[in-house]
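One structure below.
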Amino acid sequence: MLKAMYEWIDERLDINPIWRDVADHEVPEHVNPAHHFSAFIYCFGGLTFFVVVIQILSGMFLAMYFVPDIVNANASVAYLQNELAMGAIVRGMHHWGASVAIVMLFLHTLRVFFTGSYKHPREFNWVVGISIFFVMLGLGFTGYLLPWDNKAYFATKVGLEIASSVPFLGAYIKTFLQGGDIVGAQTLARFFALHVFFLPAALLGLLGAHFVLIRRQGISGPL
Amino acid sequence: MGKKVSRRQFLTYTLGSTAGFLASGMLFPMVRFAVDPVLKKGGSAKYVDVNLPISQITQEPKAVQFVIHRKDGWYEPENGESLTAWVMKDESGNVRALSPVCKHLGCTVNWNSNPQYKNQFFCPCHFGRYEKDGTNVPGTPPTKPLDKYKTKIANGRLLIGPVES
Ligand code: HEM
Ligand code: FES
């Protein structure tokens, strides 16, 4: 039945070659932990992606209850965490996942650095990777404000003050991010939009570029 | 000189500039919309009577709460927004009102709140410290003294205005 359905679709869309191209390729011995256990360091990139998928899914579900408004944000987070089935789990996935994602990303970066994989012809993918790093930091920073508690408020004040220390442009960057004269209603709305629309879109675009480049250039050789 | 533009180039330029025109027509409103807060001018602050007779101000800094009305986008709290000033008299008897916003990265300082640092303002975020007159203690994170509020005295009572710039 499933096979018949797949064939019916494939006959019309010719999707066979598409997923073949994505999935059907050799994993070289030096990156396969089944051959050399130390090759597990090559898993961190994939693990980062896995955690990002968790963030996107758990974030989409959080957004079903979360309200980006200074009067209701904190209450909506308390509600979704304490009064809904699995609320603590779904919020926990997103909360802890945010840190795990950054840790995985960092370990992946260390692997690339110490295997020298950033060298020609992969230098552009290093640049894409660093952009991913900054977008992830942005997601962490904007997400942290959303629960609208004291920690969120003061962390954002400190972060915006750091942004405003940029030479010449600092004051403009701060007002742009703050969306007004104080960290308040407009800041929360803005950070929410950045957190769930702008930055995830940028992240997905960059991840796409990252993966296309990996397929074109192949994984770097053994040390 | 006088290199001829080929038909193909001409079409590319025409198509390119049309696409650029359409794209900017689409992007301009959105970008202008997003940067509006940067281009808007902030409102001017007024002096507020903080309900404190001058005679009650001593040399010991005292936290004075006062309420201002300020609109944050569409949001204006009904009972206003509560701010704090650390009010005291200096050696020559003039009133001094310090802002509690730390000049390191914007947390809130408190007078005498850390038993280790008597008679100083202390910031819990990164342990910034200030003397009684607001000067930052060298070797702690802040690099500037605390801001002073402008003050006025009317009928023997203290009025607090905006922060001196
Ligand atoms: C790699 C991607 C992401 C990272 C690192 C991240 C990070 C964070 C962080 C640190 C918080 C604060 C949570 C807390 O303190 O409990 C947060 C909250 C939130 N995020 Fe994300 N996020 C990511 C992606 C997303 C996406 C894609 C969405 C939605 C489409 C989303 C929706 C939300 C919502 C609605 C909240 C507020 C609820 C809450 O505070 O528990 N996030 N995020
Ligand atoms: S914000 Fe006060 S010491 Fe850093």
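The values are calculated or read from the model by the stated rules, or taken from the named source; none is laboratory data. Remember, predicted model here, so these are calculated numbers, not experimental data. Cβ atoms come from the backbone with ideal geometry, glycine included; neighbour counts cover every protein chain shown. Note: areas computed on protein heavy atoms with side chains; ligands, DNA, RNA excluded. Shrake-Rupley method; radii C 1.70, N 1.55, O 1.52, S 1.80 Å.
For the stretch B:111-165, enumerate the residues that are polar (S, T, N, Q) and out of contact with any His (no Cβ under 9 Å at 6 or more places or on another chain).
Within the stretch B:111-165, B:Asn112, B:Ser113, B:Asn114, B:Gln116, B:Asn119, B:Gln120, B:Thr135, B:Thr151, B:Asn155, B:Ser165 qualify.
Here's the yes/no breakdown for (1) among the small types (Gly, Ala, Ser); (2) away from every other protein chain (no Cβ under 14 Å):
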residue: A:Thr115; (1), (2): no, yes
residue: A:Val127; (1), (2): no, yes
residue: A:Ile132; (1), (2): no, yes
residue: A:Gly138; (1), (2): yes, yes
residue: A:Tyr144; (1), (2): no, yes
residue: A:Trp148; (1), (2): no, no
residue: A:Tyr153; (1), (2): no, no
residue: A:Arg190; (1), (2): no, no
residue: A:His195; (1), (2): no, yes
Is it the case that some residue within the stretch A:121-137 is touching a helix residue (DSSP H, G or I) at 6+ places or on another chain (Cβ under 6 Å), of a type outside the set (D, E, K, R) and at positive phi?
no
Which one of A:Leu206, A:Leu223 is part of a helix (DSSP H, G or I), among the aliphatic types (A, V, I, L, M) and in contact (Cβ under 8 Å) with a residue 24 or more places away in the chain?
A:Leu206
Just to be sure, is B:Pro100 within 14 Å of chain A (Cβ to nearest Cβ) and either among the aromatic types (Phe, Trp, Tyr) or in contact with a Phe, Trp or Tyr (Cβ under 7 Å, 6 or more places away or on another chain) (or both)?
yes
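From A:His195, A:His120, which residue is more than 16 Å from ligand 2 (Cβ to nearest atom) and more than 30 Å from A:Ala73 (Cβ to Cβ)? Working first, answer last.
Working: A:His195 fails: more than 30 Å from A:Ala73 (Cβ to Cβ).
Within the list A:His195, A:His120, the selection yields A:His120.
Keeping to the stretch B:61-80, report how many residues are within 28 Å of B:Asn119 (Cα to Cα) and surrounded by 12 or more Cβ atoms within 10 Å (Cβ to Cβ).
The number of residues fulfilling the criteria is 5.
Taking the stated definitions as given, is A:Leu57 more than 10 Å from ligand 1 (Cβ to nearest atom) and surrounded by fewer than 16 Cβ atoms within 10 Å (Cβ to Cβ)?
Numbers: more than 10 Å from ligand 1 (Cβ to nearest atom): no; surrounded by fewer than 16 Cβ atoms within 10 Å (Cβ to Cβ): yes.
So A:Leu57 does not fit the description; no.
If only one of B:Arg96, B:Arg70 is in the same structural domain as B:Pro138 (by TED's automatic domain parsing) and at pLDDT below 90, which one is it?
B:Arg70
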Take B:Asp90 and decide whether it is away from chain A (no Cβ under 14 Å), farther than 20 Å from B:Thr143 by Cβ and among the charged types (D, E, K, R).
yes
Condition broken by A:Gly221, with the remaining ones in (1) of a type in the set (Gly, Ala, Ser); (2) away from ligand 2 (no atom under 16 Å from the Cβ); (3) open to solvent by less than 40 Å² (accessible area, probe 1.4 Å) satisfied:
(3)
Taking the stretch A:129-177, which residues are among the small types (Gly, Ala, Ser), more than 16 Å from ligand 2 (Cβ to nearest atom) and under 28 Å from A:Tyr79 (Cα atoms)?
A:Gly138, A:Gly140, A:Gly143
So, in the stretch B:105-140, how many residues would count as being open to solvent by less than 60 Å² (accessible area, probe 1.4 Å), farther than 15 Å from B:Lys62 by Cβ, in a loop (DSSP other than H, G, I, E, B) and within 10 Å of ligand 2 (Cβ to nearest atom)?
5
Out of the residues in the stretch A:168-186 that are assigned to a helix (DSSP H, G or I) and farther than 17 Å from B:Val31 by Cα, which is nearest to the other protein chains (Cβ to nearest Cβ)?
A:Ala185
Filter the stretch B:43-60 down to the residues that are open to solvent by 50 Å² or more (accessible area, probe 1.4 Å), touching a strand residue (DSSP E or B) at 6+ places or on another chain (Cβ under 9 Å) and either β-branched (Val, Ile, Thr) or within 11 Å of chain A (Cβ to nearest Cβ) (or both) and list them by number.
B:Ala45, B:Thr58
